[in-house]
Structure formats: structure tokens, C-alpha cells
Amino acid sequence: MSVIRIALRMAAAAALAATITSAASAAVYPPQRQLPAQIVSEFKASPNSLLQQYPTGGPQLISRVRDLGASDPTTLPGLIALLKDPATTKDQMRAIVGGLAQVARMAAQSDAAFANEIQTAIAGIGNPDVIAAYQAATGDVAIAATGGGAGGGSSGAGGPVG
């Protein structure tokens with residue numbers, strides 16, 4: 001009897017862990033806006049194909065990176081790997097970082113942990129060019145997920161100066 005009880009407890013714990021994991025990796029985009037699963041799967045199977053598809057970087061690569069990251073957070077490791085790949089050109093790097101910055105901004109509203117994960121992954125690359133591109137793409141403003149302080153209010157004084 002106790003073996004069955006232990007097995008049931010373990011099954012319940014596994015189900016709870018699966019629920020927590022799936023909630024933490026929920027897509028930023030609503031289902032109707034997400035990329036088709038086939039496109040996400042193709043990217044995950046061969047992230048470098050993105051570099052071949054968009055050899056000059058640019059707005060199309062920014063959009064594809066944003067759509068991949070916002071459709072499925074498990075694409076983040078593949079996107080980060082592209083930033084570490086020496087075959088990635090500076091223009092591609094800027095586009096990938098730009099797309100990730102857009103995902104982080106969107107995620108800051110709905111999934112602060114994912115926004116922070118993106119920022120941490122970018123910082124973890126340790127490449128000054130990548131970090132500078134991320135700062136430029138975000139306007140060098142701390143993402144809400146990092147727990148920035150509250151903004152200051154007006155003093156109420158508003159008369160002419162001097």
C-alpha cells in the first residue's frame with residue numbers, strides 16, 4: 001500500500017513540475033500570432049539556416065528572430081548560439097540582438113522571468129559588440145524584468161526660472 005502511495009505522490013509531483021515548467025516557458029505571442037510549429041521546429045533543428053536565409057541581416061532577420069523568440073521561448077538557446085558563432089556577421093549579429101531586444105520588451109509586460117533570461121543570456125555571451133548592440137537596441141534602458149526602481153515624481157514647482 002505504501003508503495004502505491006509513494007508512486008502517486010511522485011506522479012503528482014511530476015505533474016506539478018511539468019505545469020510549472022510549461023508556465024515558465026509560455027509564448028509571449030498569443031496562439032494566433034505565433035509562427036507555425038513547423039517553422040519553429042526547422043529553426044531548432046538547424047539554427048544556422050537562419051544565417052543562410054538572411055545573409056545581410058536587416059529588418060527581415062530582426063522580424064524572424066522576434067517572431068521565433070515570441071512564439072517559442074525554447075528557441076532562445078539557438079538564437080544565443082548564433083550570436084556566439086564566428087560565422088555570424090556584424091549585420092546579422094545586430095539584427096539578432098535587435099529581435100531579441102524586441103522580445104525582451106514584449107516579455108517584460110507578460111513574462112518578466114523570460115525578459116530577464118534574454119538579458120542574462122546576452123550579458124553571458126561576454127562579447128562587447130553584442131552587449132553594445134543590445135544596449136543600442138533597448139535604448140540603453142534597463143528592462144523592467146531586472147527590477148528597476150520606481151520613477152521619480154515632479155516636485156510641483158513649475159514657475160519661470162531666473
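The values are calculated or read from the model by the stated rules, or taken from the named source; none is laboratory data. Everything quoted here is computed from the prediction, not taken from an experiment. Glycine also receives a Cβ, built like all others from the backbone with ideal geometry; neighbour counts cover every protein chain displayed.
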Checking the conditions here, which among PRO77, PRO73, PRO128 is under 20 Å from VAL40 (Cα atoms), out of contact with any His (no Cβ under 9 Å at 6 or more places or on another chain) and surrounded by fewer than 13 Cβ atoms within 10 Å (Cβ to Cβ)?
PRO77
Inspect region 103-110 for any residue being out of contact with any Phe, Trp or Tyr (no Cβ under 9 Å at 6 or more places or on another chain), buried (at least 19 other Cβ atoms within 10 Å of the Cβ), at pLDDT 95 or above and at negative phi and give the result as yes or no.
no
Could you say which residue among ASP91, ASP72, ASP85, ASP129 is within 13 Å of the chain's Cα centre (by Cα) and modelled with pLDDT of 85 or more?
ASP72
Flagged in region 88-112 as closer than 15 Å to ASN127 by Cβ, touching a residue at least 40 places away in the same chain (Cβ under 8 Å) and polar (S, T, N, Q), in numbering order, are GLN92
When you go through (1) farther than 19 Å from ALA70 by Cα; (2) of a type in the set (D, E, K, R); (3) surrounded by 19 or more Cβ atoms within 10 Å (Cβ to Cβ) one by one for ASP91, which number turns out not to apply?
(3)
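Yes or no, residue by residue, for (1) without any contact (Cβ under 8 Å) to a residue 40 or more places away in the chain; (2) in a loop (DSSP other than H, G, I, E, B):
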position	(1), (2)
ILE62	no, no
VAL65	yes, no
GLY69	no, no
LEU82	yes, no
PRO86	yes, yes
